[in-house]
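Let me begin by presenting the structure, written as structure tokens, before commenting on it.
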Amino acid sequence: MSDALIIERLRRIGWRGNELPADGLRLARVVAQHRAGYELHDGEHLFGAQPAGHFLKRGLDPSERPAVGDFVEFEPGAPPHIQRVLERRTVLSRAAAGERYERQIIATNIDYVLVLTGLDGDFNAARIERYLTLVEDSGAQPVVLLSKLDLLDDAAARLAELRARLPATTPIHALNGKSRDSAGLLAPYLKPGDSAVLVGSSGAGKSTLTNTLLGTDKLATAAVRAHDSRGRHTTTHRALLQLPTGGCLIDTPGMRELKLTGEEDLDLFADIEALAETCRFADCGHGSEPGCAVQRALDSGDLAPERWRNYLKLRDEREDQAATLEARLRRQRGGRPIDRPHGHRGQRERD
Ligand SMILES: Nc1nc2c(ncn2[C@@H]2O[C@H](COP(=O)(O)OP(=O)(O)OP(=O)(O)O)[C@@H](O)[C@H]2O)c(=O)[nH]1
Ligand SMILES: [Mg+2]
Ligand SMILES: [Zn+2]
């Protein structure tokens, strides 16, 4: 097969490179990961593969192992073995749930992160902000999707509230995930060669929407609990699928916990951080200090209390996680100090 043909096939599954590997290695994309191994796609065929021995070394940072969305070099054989992960264009990750600090990759080489929330009992603006904070760090563009529009008599108030709360540059779309119209709405994010990942709580309708976009009932879906709209964790594995429109979509399991990694910038709250900079005291606690710009904005209604509370929560969590991350990196480097990802400001009075 000619190189041109191989490259053309890889383009279909989102490859942006120009050079094929030498030494008898071949390129493919990781479309699924199971306990028993990986599933790869080369733009034409789907096949199983195993990670090479060096990926199984104890103590290896899990983020260095192949993840769904990765382009990998593999050695053909029975079974094929993944030898190398190509540099990732974008990476969406979170800190894994549990005591030990561990970064967990949700998806790589994605152009858009579709943050899906049901307009039913699942709706929670603070959780959407948490997702957006994780997306900021990924290099991909966030898109907010609100499903189950058909279940509501009037979603206008909820939509307006969210629109006012999120940056004007973040697209928000309300849709019925079961209707073909939603496919048209999402076309700009699913163009040939582009990749998107769907994230959101269990029961939000990620697999339902994926099926609608696929035009088949390929993925299992299940009804949510009536009393609290919670899902049943129907999807258990991430899966990258090619859509009829040419784009690639990664469906993910609903995540119970979405911990920050400690590397987030909190750009979503840049306006609040700028406001806090104008308090009279540089170390203002934004409580009852004189000249507190935050209290003034809260009193006048310019700053919504709920958004302020969510900012404080995410900021504290980011700081905690950054400290844990720093300690972990220091241990890995044998005790040598490293630069903190987020420096502390000095304590000084401003005026
Ligand atoms: N009426 C209506 N029902 C929807 C919509 N989207 C999803 N549903 C229903 O919501 C339930 C949950 O949908 P799933 O697609 O399984 O949810 P999921 O996000 O994939 O959930 P997990 O796989 O558990 O993470 C199913 O009963 C769907 O039929 C929608 O836009 N409108
Ligand atoms: Mg699902
Ligand atoms: Zn203040």
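Kindly evaluate Glu273 against the criterion of being surrounded by fewer than 15 Cβ atoms within 10 Å (Cβ to Cβ), assigned by TED's automatic domain parsing to the domain that holds Leu314 and farther than 30 Å from Arg89 by Cα. Spell out how you get there, then give the answer.
Working: surrounded by fewer than 15 Cβ atoms within 10 Å (Cβ to Cβ): yes; assigned by TED's automatic domain parsing to the domain that holds Leu314: yes; farther than 30 Å from Arg89 by Cα: no.
For Glu273, the condition - surrounded by fewer than 15 Cβ atoms within 10 Å (Cβ to Cβ), assigned by TED's automatic domain parsing to the domain that holds Leu314 and farther than 30 Å from Arg89 by Cα - is not met.
Looking at (1) touching a residue at least 12 places away in the same chain (Cβ under 8 Å); (2) closer than 30 Å to Thr208 by Cβ, can you tell me which one His45 breaks?
(1)
Take the conditions more than 30 Å from Tyr189 (Cβ to Cβ), at pLDDT below 95, more than 16 Å from ligand 2 (Cβ to nearest atom) and in a loop (DSSP other than H, G, I, E, B) and apply them to Gly285. Does it pass?
Numbers: more than 30 Å from Tyr189 (Cβ to Cβ): yes; at pLDDT below 95: yes; more than 16 Å from ligand 2 (Cβ to nearest atom): yes; in a loop (DSSP other than H, G, I, E, B): yes.
Judged against the criteria, Gly285 is a match.
Quick one: how many residues across segment 84-95 are without any contact (Cβ under 8 Å) to a residue 60 or more places away in the chain and crowded, with 20+ Cβ neighbours inside 10 Å?
Total meeting the criteria: 2.
Would you be able to tell me the number of residues in segment 190-213 that are touching a Cys at 6+ places or on another chain (Cβ under 8 Å) and among the charged types (D, E, K, R)?
Total satisfying the criteria: 1.
Within the group Asp153, Asp122, which residue is buried (at least 19 other Cβ atoms within 10 Å of the Cβ) and modelled with pLDDT under 95?
Only one candidate qualifies: Asp122.
Counting just the residues of segment 142-165 that are in contact (Cβ under 8 Å) with a residue 40 or more places away in the chain and not in a helix (DSSP H, G or I), which one comes out farthest from Ala125 (Cα to Cα)?
Only one residue tops the list, namely Lys148.
What number of residues within segment 181-204 are over 18 Å from Pro253 (Cβ atoms) and either of a type in the set (Val, Ile, Thr) or within 13 Å of ligand 1 (Cβ to nearest atom) (or both)?
5
Give me a count of the residues in segment 210-222 that are crowded, with 20+ Cβ neighbours inside 10 Å and over 16 Å from His237 (Cα atoms).
Going through segment 210-222 one residue at a time, the tally reaches 2.
From the list Glu257, Glu264, exactly one residue is away from ligand 3 (no atom under 16 Å from the Cβ), modelled with pLDDT under 95 and surrounded by fewer than 18 Cβ atoms within 10 Å (Cβ to Cβ). Which is it? Steps first, answer last, please.
Values: Glu264 fails: surrounded by fewer than 18 Cβ atoms within 10 Å (Cβ to Cβ).
Among Glu257, Glu264, only Glu257 is away from ligand 3 (no atom under 16 Å from the Cβ), modelled with pLDDT under 95 and surrounded by fewer than 18 Cβ atoms within 10 Å (Cβ to Cβ).
So, of the residues in segment 198-220 that are more than 9 Å from ligand 2 (Cβ to nearest atom) and not hydrophobic (A, V, I, L, M, F, W, C), which turns out to be modelled with the lowest pLDDT?
Quick first cut of segment 198-220, residues more than 9 Å from ligand 2 (Cβ to nearest atom) only: 199-201, 209, 211-218.
Next, only the ones that are not hydrophobic (A, V, I, L, M, F, W, C) stay: 200-201, 211-212, 215-218.
Values: Gly200: 96, Ser201: 94, Asn211: 95, Thr212: 96, Gly215: 92, Thr216: 89, Asp217: 87, Lys218: 84.
By that ranking, first place goes to Lys218.
Out of (1) of a type in the set (Lys, Arg); (2) more than 24 Å from Asp111 (Cβ to Cβ); (3) in contact with a Leu (Cβ under 7 Å, 6 or more places away or on another chain), the odd one out for Arg165 is which?
Among (1) of a type in the set (Lys, Arg); (2) more than 24 Å from Asp111 (Cβ to Cβ); (3) in contact with a Leu (Cβ under 7 Å, 6 or more places away or on another chain), Arg165 violates only (3).
Of the numbered conditions (1) within 16 Å of ligand 1 (Cβ to nearest atom); (2) free of Cβ contacts under 8 Å to residues at least 40 places away in the same chain; (3) in contact with a Ser or Thr (Cβ under 8 Å, 6 or more places away or on another chain), Thr236 satisfies every one except a single condition; which is it?
(3)
If you take the residues of segment 128-141 that are out of contact with any helix residue (DSSP H, G or I) (no Cβ under 8 Å at 6 or more places or on another chain) and assigned to a helix (DSSP H, G or I), which of them is surrounded by the fewest Cβ atoms within 10 Å (Cβ to Cβ)?
Restricting to residues being out of contact with any helix residue (DSSP H, G or I) (no Cβ under 8 Å at 6 or more places or on another chain) and assigned to a helix (DSSP H, G or I), the top hit is Tyr131.
The values are calculated or read from the model by the stated rules, or taken from the named source; none is laboratory data. Since the structure is predicted, the reported quantities are computational estimates derived from the model, not experimental observations. All Cβ positions, even for glycine, are placed from backbone atoms using ideal geometry, and neighbour counts span all protein chains on display.
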